[in-house]
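Read through the structure below, which is laid out as structure tokens, and then see the notes.
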Amino acid sequence: MAQHAILRFEKHKGHPAGPLEAHHERKKEQYASNPDIDTSRSRYNFHIVKPEGRYYHFIQSRIEQSGCRTRKDSTRFVDTLITASPEFFKKKSPEEIQAFFKRAADFLIDRVGRENIVSAVVHMDEKTPHLHLTFVPLTKDNRLCAKEIIGNRANLT
């Protein structure tokens with residue numbers, strides 16, 4: 001069966017950082033909206049980059065530090081999902097899975113800058129392990145521009 005790598009970027013303009021943080025950091029005990037979450041396995045989740053406080057405060061602080069101007073429709077942060085076909089993980093040891101996600105996170109950290117990373121957490125408590133990496137899309141000249149950071153498929157190879 002064919003195996004696939006999956007990379008998804010979701011841009012956020014407003015203030016959904018709280019609900020996103022609650023999901024990523026597993027701050028609730030039950031998740032009716034996602035029956036795939038097995039909270040008994042949440043202890044196996046791990047951070048590649050731990051958040052420095054609340055997501056919203058980090059995002060706001062990073063934007064203010066940069067001195068960039070924002071508009072109502074500015075993309076303030078990007079939630080990235082990285083995973084692969086379930087078959088890819090079946091015969092992998094926990095160490096191999098951790099190494100896979102560390103390499104994937106390093107790939108993105110090199111492109112967006114460590115200083116712009118809000119959090120990078122791997123969820124092992126769902127059907128397929130996956131990485132959520134959240135970042136503030138600041139360019140080298142301190143502009144908020146997700147389009148310039150993310151680019152297109154050709155830019156990400």
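The values are calculated or read from the model by the stated rules, or taken from the named source; none is laboratory data. Here the structure is a predicted model, which means the values were calculated and not measured. Cβ: placed from backbone, ideal geometry, glycine included. Neighbour counts: every protein chain shown.
Data for the structure
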read-out	value
Residue 69 vs. criteria touching a helix residue (DSSP H, G or I) at 6+ places or on another chain (Cβ under 6 Å), modelled with pLDDT under 90 and either under 24 Å from residue 115 (Cα atoms) or surrounded by fewer than 17 Cβ atoms within 10 Å (Cβ to Cβ) (or both)	no
Members of the stretch 61-93 found to be assigned to a helix (DSSP H, G or I), in contact (Cβ under 8 Å) with a residue 12 or more places away in the chain and not aromatic (Phe, Trp, Tyr), listed by number	62, 63, 66, 86, 87
Filtered residue count, the stretch 100-111, keeping only those that are of a type outside the set (A, V, I, L, M) and surrounded by 21 or more Cβ atoms within 10 Å (Cβ to Cβ)	1
Cβ pairs under 6 Å, 6+ apart, first in the stretch 129-142 and in contact (Cβ under 8 Å) with a residue 24 or more places away in the chain, second charged (D, E, K, R) and surrounded by fewer than 23 Cβ atoms within 10 Å (Cβ to Cβ)	134/79; 136/62
Filtered residues of the stretch 112-131 (kept if closer than 21 Å to residue 4 by Cβ and surrounded by fewer than 22 Cβ atoms within 10 Å (Cβ to Cβ))	124, 126, 127, 128, 130, 131
Leading residue by the ranking (farthest from residue 35 (Cα to Cα)) among those in the stretch 94-135 that are aliphatic (A, V, I, L, M) and in a helix (DSSP H, G or I)	112
Whichever residue in the stretch 72-99 is polar (S, T, N, Q) and surrounded by 13 or more Cβ atoms within 10 Å (Cβ to Cβ) and, among such residues, is nearest to residue 9 (Cα to Cα)	80
Unmet criterion (only one of (1) at pLDDT 90 or above; (2) surrounded by 13 or more Cβ atoms within 10 Å (Cβ to Cβ)) for residue 50	(2)
